[in-house]
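S.K.: Here it is: the structure, laid out below.
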Amino acid sequence: MNFQEMDIKTLEGNPWKMIGDDWMLVAAKKDGQVNAMTASWGGVGIMWGKTAATIYLRPQRYTKEFVDANDTFTLSFFGGREKQAMGYLGKVSGRDEPDKISRTDLHLTDLGGAPAFREAELVLVCRKLYAQEMKPECFLAREEIDKWYPDRDFHTMYIAEIVKAYRNQ
């Protein structure tokens, strides 16, 4: 592991592949414990003049409690590797298995004061700026409600400033 801080504006890559196809891990700390979950919905761009990331967490996800409890969280990207571990972390709740990360081949580290994974190719340290629960009355494409929310468990959207970016050399 040899993480080097980088200027996020020099990042090369396809965000649709990085997030949607290769996935990312969202990790946060609460009361000295770390929890992480796999995510394939999100985005990166500019918001309020800042480099920003958006993530979406359902209310029942245990990791949401960790993201809500702290000012920062990380997004770890593995370039399509570690799919088995990421699949496991996405399916198993830390409520049921508090030490679930140790059951994978991934290892925690600290980057910029936030939890990340030594095996990641890229880690974005994010500081929360805004959170809002998605509401059914705000959907313009009403068909998306039945397709994605049959249980009406609408995501909370988080907009966060990317305060540090690290590339694993």
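The values are calculated or read from the model by the stated rules, or taken from the named source; none is laboratory data. Keep in mind that what you see is a predicted model, and the values were worked out from it rather than measured. So basically every Cβ, Gly included, is an ideal-geometry build from the backbone, and we count neighbours across all protein chains shown. Quick note on the areas: whole protein, heavy atoms, side chains included, nothing else; ligands and nucleic acids left out. Shrake-Rupley method; radii C 1.70, N 1.55, O 1.52, S 1.80 Å.
S.K.: Give me the residue from the range 44-69 that is within 12 Å of the chain's Cα centre (by Cα) and of a type in the set (Val, Ile, Thr) and, out of that set, nearest to LYS30 (Cα to Cα).
M.R.: VAL67
S.K.: Within the range 114-125, can one find any residue that is closer than 23 Å to PHE3 by Cα, in contact with a Ser or Thr (Cβ under 8 Å, 6 or more places away or on another chain) and surrounded by fewer than 18 Cβ atoms within 10 Å (Cβ to Cβ)?
M.R.: yes
S.K.: Tally up the residues in the range 38-79 that are over 17 Å from ALA160 (Cα atoms) and either open to solvent by less than 30 Å² (accessible area, probe 1.4 Å) or without any contact (Cβ under 8 Å) to a residue 40 or more places away in the chain (or both), please.
M.R.: 4
S.K.: Which of the following residues is among the hydrophobic types (A, V, I, L, M, F, W, C), in a strand (DSSP E or B) and more than 28 Å from TYR149 (Cβ to Cβ): VAL26, VAL44, VAL34? Explain how you work it out, then say what you get.
M.R.: Working: VAL26 fails: more than 28 Å from TYR149 (Cβ to Cβ); VAL44 fails: more than 28 Å from TYR149 (Cβ to Cβ).
Going through VAL26, VAL44, VAL34 in turn, the sole match is VAL34.
S.K.: Going by the structure shown, is MET24 under 23 Å from ARG167 (Cβ atoms), at pLDDT 95 or above and either surrounded by fewer than 21 Cβ atoms within 10 Å (Cβ to Cβ) or among the aliphatic types (A, V, I, L, M) (or both)?
M.R.: Details: under 23 Å from ARG167 (Cβ atoms): yes; at pLDDT 95 or above: yes; either surrounded by fewer than 21 Cβ atoms within 10 Å (Cβ to Cβ) or among the aliphatic types (A, V, I, L, M) (or both): yes.
Yes, satisfied.
S.K.: Answer yes or no as to whether TYR88 is open to solvent by 50 Å² or more (accessible area, probe 1.4 Å), aromatic (Phe, Trp, Tyr) and not in a strand (DSSP E or B).
M.R.: yes
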